[in-house]
Amino acid sequence: LVLVKIGRKAKIMYDLTACMVTYNTDEEVLRKIISCFQKLKLNFKLFISDNSEKNGLEEFIKKFSDDRIEYIFNNSNNGFGAGHNIVIEKLLKEKKDKGENITKYHLIINPDIVFEEGTVEKIYDYMEQHPEIGQIGPKIKDPDGKVNYSCRLLPTPFNLIFRRFLPFKKMIAKMDYEYEMRKYDYNHIMEVPIVSGCFIFVPFKVFEEVGKFDERYFMYMEDYDLCRRIGEKFKVVYYPEAEIIHEHGKASYKSRKMMIIHSQSAIKYFNKWGWFFDKERHKKRKNFLK
């Protein structure tokens with residue numbers, strides 16, 4: 001912790017807190033991302049919120065002997081958003097109890113992410129220069145170096161549900177091309193409706209203004225929901241000057257179980273925001289495409 005004395009009042013603040021939610025996560029996967037964090041030149045705290053049935057990771061985390069890493073065993077799996085909310089609530093409570101800022105920025109990150117030294121610092125510096133940004137997303141690459149189309153328009157039911165059952169491949173490809181913003185140059189900074197939820201970097205004040213994750217989603221769509229709420233009050237920006245590698249992805253296309261969970265979450269999303277009559281979605285898509 002850094003103590004900054006202003007008059008008689010001391011403010012306690014991390015440059016960055018970060019959280020990853022785990023569920024029976026492979027130790028080697030965690031070793032890679034923890035190693036990335038340990039190279040940061042920022043004053044940080046990393047929380048590992050474990051939704052597994054057993055706290056098998058506890059001893060593994062202790063081996064790092066690093067007080068910047070805190071392991072939390074949740075003893076239940078109430079979902080991705082719920083796992084992150086435990087940490088967000090903890091930080092909000094600590095701020096309320098102490099009457100002091102605990103952290104400036106918060107990073108929600110998947111365990112299967114790796115990044116080079118200096119990547120997070122680059123994002124941090126850019127955010128320091130642009131206080132109007134509420135969420136920022138980096139360029140995302142596969143392990144083979146292929147760039148992911150990680151930005152999205154606000155989704156329609158056709159983008160998330162009906163496309164899975166349509167037999168018309170050309171129609172689906174056209175919808176995906178627009179929805180995934182493929183005609184745009186992913187080498188340029190741009191303000192976008194949605195950025196990938198595998199790496200959510202926000203000023204911590206965002207949670208005080210827009211709230212935490214909506215726990216009605218067990219998995220999938222909670223990141224879209226949060227990003228949409230952030231976009232109502234702040235800018236959401238894609239920042240390709242910083243790059244990360246996402247080692248896994250699109251599990252819902254590889255597993256029937258995950259596909260069902262994804263579809264259920266999509267239904268909850270449209271029940272909340274509107275299926276075919278969503279004025280804000282129509283307005284934002286129209287303005288962005290224009």
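Structural remarks
- Helix 256-273 and the longest principal axis of the C-alpha atoms of the chain enclose an angle of approximately 90°.
- Cα-based shape type of the range 93-226, given that a ≥ b ≥ c are square roots of the gyration tensor eigenvalues and the cut on a/c is 1.5: prolate
- Within a straight-line Cα-Cα reach of under 20 Å, residue 98 can be paired with the following lysines, leaving aside sequence neighbours fewer than 8 residues apart in one chain: 5, 9, 11, 45, 90, 205.
- The packing ranking, built from the mean of other Cβ atoms within 10 Å per residue, places the peptides 58-64, 30-36 in the order 30-36, 58-64, highest first.
- Unit charges at the beta carbon, dipole of the range 187-244: most positive-side option, 234, 190, 220: 234
- The chain: relative contact order in percent, alpha carbon pairs under 8 Å with at least 6 residues between: 22
- Estimated D of the range 86-167 in µm² per second, where Rh is the Kirkwood radius over Cα pairs and Stokes-Einstein applies at 25 °C, 0.890 mPa s: 148
- At an R0 of 30 angstrom, the distance between the Cβ atoms of residue 290 and residue 129 translates into a FRET efficiency of 0.65.
- Local electrostatic count, residue 68, Cβ distance below 13 Å [Lys/Arg +1, Asp/Glu -1]: -1
- Distance between modelled label sites at residue 54 and residue 205, nm, 7 Å Cα→Cβ extension: 4.6
- Shown here are the Rg and Dmax of the Cα trace of the range 6-99, at 14.6, 48 Å.
- Here the dipole of the chain is about 1180 debye; that uses its Cα centre as origin and unit charges on the Cβ of Lys and Arg (positive) and Asp and Glu (negative).
- Antiparallel bridges, percent of DSSP beta bridges restricted to the range 136-290 (to nearest 5): 45
- Overall shape: rounded for the range 171-290, with the ratio a/c of the largest to smallest alpha carbon gyration tensor axis below 1.5.
- Restricting the range 193-236 to GluC sites (Glu not before Pro) that sit in a DSSP loop and have at most 14 other Cβ atoms within 10 Å of their own Cβ leaves 232.
- Additional length obtainable on full extension of the chain from residue 277 to residue 93, 0.36 nm per residue less Cα span: 62.5 nm
- Label of the coordinate-derived value, P(r) over Cα pairs in 10 Å bins from 0, in percent, listed as [x] 7, 28, 32, 22, 9, 2, 0; [y] 6, 27, 37, 22, 7, 1, 0; [z] 7, 31, 38, 20, 4, 0: [y]
- Degrees, to the nearest 10: 80-98 long Cα axis against longest axis of the chain: 40
- The amide H of residue 103, built 1.01 Å from its N in the peptide plane, has 14 as neighbours under 5 Å, considering only residues 5 or more places off or on other chains.
- Shape class for the range 78-122: oblate, because the ratio a/c of the largest to smallest gyration tensor axis (alpha-carbon atoms, square roots of eigenvalues) is 1.5 or more and b/c is at least a/b.
- Protein heavy-atom surface of the chain, 1.4 angstrom probe: 52% of the accessible area is carbon and sulfur, with nucleic acids and ligands not counted.
- In degrees, nearest ten, helix 119-129 long axis to first principal axis of the chain (Cα): 90
- The chymotrypsin sites (Phe, Trp or Tyr not before Pro) of the range 130-228 that DSSP puts in a loop, and whose beta carbon has at most 14 other beta carbons within 10 Å, are 168, 184.
- Antiparallel DSSP beta bridges within the range 15-173, percent to nearest 5: 5
- Residue 114-residue 215 pseudo-label distance in nm [points 7 Å out on the Cα-to-Cβ vector]: 3.5
- Per-residue ellipticity at 222 nm from helix content only, as computed over the chain with -39500 (n - 2.57) for each DSSP H run of at least four residues, stands at -11000 deg cm²/dmol.
- Among residues other than residue 241 with Cβ under 12 Å from its Cβ, the summed charge is -1 (Lys and Arg +1, Asp and Glu -1).
- Under 17 Å of direct C-alpha separation, and excluding same-chain neighbours fewer than eight residues apart, residue 146 reaches these lysines: 183, 250.
The values are calculated or read from the model by the stated rules, or taken from the named source; none is laboratory data. Not measured: the values here are computed from a predicted model. Virtual Cβ from ideal backbone geometry, glycine too; neighbours counted across all protein chains shown. Note: accessible area is taken over every heavy atom of the protein model, side chains too, but ligands, DNA and RNA are not part of it. Shrake-Rupley method; radii C 1.70, N 1.55, O 1.52, S 1.80 Å.
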